[in-house]
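To keep things clear, I will list the structure first and then write my remarks on it.
Read the figures in this text as sums done on the coordinates, not as results from a lab. Treat the numbers as computed from the prediction; the structure is a model and nothing was measured. Every residue, glycine as well, gets a Cβ built from its backbone with ideal geometry; the counts of neighbours run over all protein chains shown.
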Amino acid sequence: MRTPRAITMALLAASSAPVLAQDMPCEQSFSINRFIEGMNAVDQAVAAFELGQVSIILNELRKDLVCTNDRIHVNHLTRFGRQMALAGFFDQDDLAISYWKGLAEGDLPWPEDMNEEHPLRMSLSNQERGVVVDWEDRGLVPPKNTVLIFDGAFASRPIAHVEEAHFLQVLDRSGEVVRSMWQDGAIFDEGLLSDEPLPVEVPKWYSEPPTDLDPHVMVEIDNSLLEARRNQAAARAAQDQEKEEKRRMAMETEKLRAEKRSAKAEKRAVQLEKRAEVANAGLRPEDVLAAAEAAPDAWLGFDFADEATALAALDTVELAGSEDTACTNLIGLETRAITGNLETAHVDCLERRLRHEDRQTTKNKISRLLMADAWSKKEVLRWEATVKRHLEEIDRSDPDLCYMFARHQAKYGAERIDSTMRWANAALANSLNWEGATRVDRVLALHRINALAAEDKWYSAEDAFQRSHSSETMLGAEFWRNQAKSYAREWLEFADRSGRDTEIPYRLCLSAAGAHEYCLLSPLASTEN
């Protein structure tokens, strides 16, 4: 088991997963029956093969579920997790399948048409679950007369899998839901954690729901309970109005500070440039070939369609005039590479051709064939070497590949922290190539990688300063504190602009900056002290 301080870098691995909203503003309550109706609609869309509609419905359900006043049974979560994993399967997104694996593999019986040989179930079985993290020096502290329900079951300890989606609810003794939220990986809400690592005892008034609940059947809700909820909604509306007034006042304060922030923008740009130089320095060769067990969670496909005609003509000419035809036909080798069926002769031939090839576009295609083959064969060391070579010698403008490699490096924690930040910054430099929700999720994940990595570097530098108290270590500690502050601020700003949860980046920003004003962006920040 590892403490939160020791797992800081381990949590970086969760950063490319879809970041789920927590405690988003709710205009109205979202009932369990609307949730069931939505999942039924997803089943109908799947049956009609309307895959675009599947993703739209699921994303809306995921967003609205935090607004529910009903307890969500573990069987409902299992059904939803399977639908999310199925959507990832349709998109050929191994990362999404892995992210929803924990919820999808509940005890709920699978439908008859989804036996063990169903492609989704086979894909789920091929995915490894994220590392289990136990915050062994912390405990849970639900609000008074409430219990914490984690993934549908009573929670006594802050234990969770990284790189997976979790759903939390706070229930009072009457069974009413006080709060619902999604949790990304093993990062628990600080307000639910205590410094006492003792398990929470099950209250006498608490009882587990029946295990055989059918998540396809509508739920009957008592009328008196509905009336109580309406009254609570009216009270919340009044509270929201008060919060909105505080927000308006905070925005007025922000406007007065706009000039001051603008004057600092140029200075900050220079700092960012220096930071990028530091993040690109000091890459160790052993980082690339270090022993590794975990393979990347998803492969980035490559497409010859843009040059198919030219390459086909080129293949014809080279096949006619070459004695070594093991790797001349690149288009013909594409399927073999993707499925991990390149023979040793193919790999050796491609490596020789790559060394002697002058055309950059052809070098790019050859390199991608070698990367795809290594990944499909789960040869992690060879995959890391081919990706590093591709990014450093052939093309580092591919944000998808930089994003994947940064996330992969982050799994190794502190030993590859410089490499992690290097490729995270490279991905950010070309992030405008992404669009929509994909861009928001990935840019947010990259900011998170940088902020947590800089925080770890800051802690290490502070430890070094405490040991020696030299001017060199003092400057190093101050430098990385500023980096952590800047990276956290970037993460906070992007999360705020994109409407995502700002609590964690705000706390990190405040920790590094030590100044409330530096991190003040929203009502959340304006009320934190």
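Taking the Cα centroid of segment 54-83 and of segment 479-499, what is the distance between the two, rounded to the nearest whole Å?
Result: 31 Å between the Cα centres.
Do any GluC sites (Glu not before Pro) in segment 143-217 lie in a DSSP loop with no more than 11 other beta carbon atoms within 10 Å, and if so, which?
Filter output for segment 143-217: 201.
In segment 106-196, which trypsin sites (Lys or Arg not before Pro) fall in coil by DSSP and have 14 or fewer other Cβ atoms within 10 Å?
Those satisfying the criteria are 129, 144, 173.
So, in nm, how far is label residue 216 from label residue 437 when the simple model puts each one 7 Å beyond its Cα toward the Cβ?
Roughly 2.6 nm, to one decimal.
Take every Cα pair under 8 Å in segment 10-198 that's 6+ residues apart, average their separations, divide by the length, and report that relative contact order as a whole percent.
25
For segment 10-198, give the magnitude of the charge dipole about the Cα centre (Cβ charges: +1 Lys/Arg, -1 Asp/Glu; no others), in debye to the nearest 20.
Roughly 380 debye for segment 10-198.
Report, by chain and number, residues whose modeled amide H sits under 5 Å from the one on residue 377, excluding near sequence neighbours (fewer than 5 apart, same chain).
For residue 377, no residues qualify.
If amide H atoms are built 1.01 Å from N in the plane of the peptide, which residues on other chains or at least 5 residues away come under 5 Å of the amide H of residue 133?
Amide H neighbours of residue 133, under 5 Å, 5+ apart: 160, 161, 162.
For residue 343 paired with residue 37, estimate the spin-label separation in nm (one decimal), with each label point 7 Å from Cα along the Cα-to-Cβ line.
Each label point lies 7 Å from its Cα, and together they span 6.1 nm.
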